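Chemist: After the structure tokens below, expect a handful of questions from me.
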Amino acid sequence: MAPPKQTLVFGFVVVPNFSLIALSACVDPLRIANAVLGRATYRSVLLSVDGGLVVSSDGIAVMTQHSLSDAPPLDVVFVIGPNPIPKRGLRALTLWLKRMASLGLPLGGIDTGSYLMAQAGLLDGYRCTIHWEDHEAMVEQFPQVIVTPHFFEVDRDRYTCSGGVAPLDLMTYLLTRSPGSRQLANEVANLLVVERRSLTDVQTVSIIHQERVTHPVAVEALRLMEANVSEPLTMTEIATFAGMPLRSLQRLFRQQFSKSAERIYLDIRLTHARILVRRSDKSLREIAQETGFASPSHLTARYTPRFGAPPQKDRANREIGLAYKEKILS
């Protein structure tokens, strides 16, 4: 493979409590691409607001090479977001990102980095994605942004992905662009022992995939359940739409999951409720309405034995834990 002549400098901005695996999934494809090409075609530069050490969500400190104020010339900038998303201390980063955008640099958001870019107004009118846990909050907070469930999105000069190992997909996709090639991207993926996912592949937390359900009637019934959370269907309706007598459907679910179809449906709704409890600021009444429970008390009665704490305490415990973590990292 003939090595391209230009060198592209990728700047990765890490925010305290960033995802370490996401950072590795960003920089390793570039390192391996250089090895395949036999020259330093891609260069990674690690940045932070003030420079120096930045602690990841794993508690492992990473030394950044530059502060934002002394960043070298860059060709593209990525923000690797933290979990949870901080509510303060983002002004310097926001102003710097806006300045990079005014210079015409392509910008990327990794995991909650998408949220930080949206807060800066840099995703208005763009397609983007974010980790499935934060999808609903992103949609609600930024109606002017087109949020998709894909693993990664490339829309003009904005690149976003859902975090975890999804940066591997985004980076190998970007390696198909000049000065790279499809062959380079495929070789990098092979060396990483990963299968490349496309722009149309979606994140999923469906029980269908978690449990590897293949029976067509069970798959259809589960899809109906997952699509009707706020206004639950009756089991008779689900059986009718799935094309199987109710008793046969109940027997099928017992065989597949060792649980009743009603229990599975309730678990689907409660799982969605817990995401809203722990990842949004919505009231308990709003969450009950969105997950098909008659009242907050009805939701609490079902939620508590399932997760070991009532919704209010579950939310409070998470906030206390996050506040403690922020204190440790500060």
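Chemist: Taking the condition free of Cβ contacts under 8 Å to residues at least 40 places away in the same chain and surrounded by 13 or more Cβ atoms within 10 Å (Cβ to Cβ), does Phe152 pass?
Modeler: no
Chemist: Sticking with this one: Working only within the stretch 239-282, note down all residues that are under 30 Å from Met138 (Cβ atoms) and of a type in the set (A, V, I, L, M).
Modeler: Ile264, Leu266, Ile268, Leu270, Ala273, Ile275, Leu276, Val277
Chemist: Can you confirm whether the stretch 45-53 contains a residue that is crowded, with 16+ Cβ neighbours inside 10 Å and farther than 22 Å from Pro29 by Cβ?
Modeler: Scanning the stretch 45-53 turns up at least one residue that is crowded, with 16+ Cβ neighbours inside 10 Å and farther than 22 Å from Pro29 by Cβ.
Chemist: Among the listed residues Arg88, Arg182, Arg158, Arg99, identify the single one that is basic (Lys, Arg) and in contact (Cβ under 8 Å) with a residue 40 or more places away in the chain.
Modeler: The match here is Arg158.
Chemist: Keeping to the stretch 208-218, report how many residues are surrounded by 15 or more Cβ atoms within 10 Å (Cβ to Cβ) and either farther than 13 Å from Ala261 by Cβ or out of contact with any helix residue (DSSP H, G or I) (no Cβ under 6 Å at 6 or more places or on another chain) (or both).
Modeler: 1
Chemist: If you don't mind, there's one more thing I want to ask. Pick out the one residue from Arg212, Arg196 that is touching an Asp or Glu at 6+ places or on another chain (Cβ under 8 Å), assigned to a loop (DSSP other than H, G, I, E, B) and not hydrophobic (A, V, I, L, M, F, W, C).
Modeler: Just one listed residue meets the conditions, Arg196.
Chemist: Kindly indicate the residue of the stretch 1-22 that is among the aliphatic types (A, V, I, L, M) and touching an Asp or Glu at 6+ places or on another chain (Cβ under 9 Å) and also modelled with the lowest pLDDT among those meeting that condition.
Modeler: Selected residue: Met1.
Chemist: Next up: Among residues belonging to the stretch 243-271 that are part of a helix (DSSP H, G or I) and among the polar types (S, T, N, Q), point out the one that is farthest from Asp314 (Cα to Cα).
Modeler: Ranking the candidates gives Ser248 first.
Chemist: For the stretch 226-240: of the residues being part of a helix (DSSP H, G or I) and either outside the structural domain of Gln312 (by TED's automatic domain parsing) or at pLDDT 95 or above (or both), which is farthest from His298 (Cα to Cα)?
Modeler: For the stretch 226-240, the residue satisfying everything is Thr240.
Chemist: Using the structure shown, decide if Ile130 is assigned by TED's automatic domain parsing to the domain that holds Ala22, of a type outside the set (S, T, N, Q), closer than 21 Å to Phe10 by Cα and in contact (Cβ under 8 Å) with a residue 12 or more places away in the chain.
Modeler: In short, yes.
Chemist: Follow-up question, since we're still on this one. Farther than 18 Å from Ala25 by Cβ and out of contact with any helix residue (DSSP H, G or I) (no Cβ under 8 Å at 6 or more places or on another chain): which single residue out of Met100, Met138, Met117 fits that description?
Modeler: The match here is Met100.
Chemist: In the stretch 272-314, how many residues are part of a helix (DSSP H, G or I) and without any contact (Cβ under 8 Å) to a residue 60 or more places away in the chain?
Modeler: Of the residues in that region, 27 qualify.
The values are calculated or read from the model by the stated rules, or taken from the named source; none is laboratory data. Because the structure is predicted, anything quoted here is derived from the model rather than measured. Note that we place each Cβ from the backbone using ideal geometry, even for glycine, and neighbour counts take in every protein chain shown.
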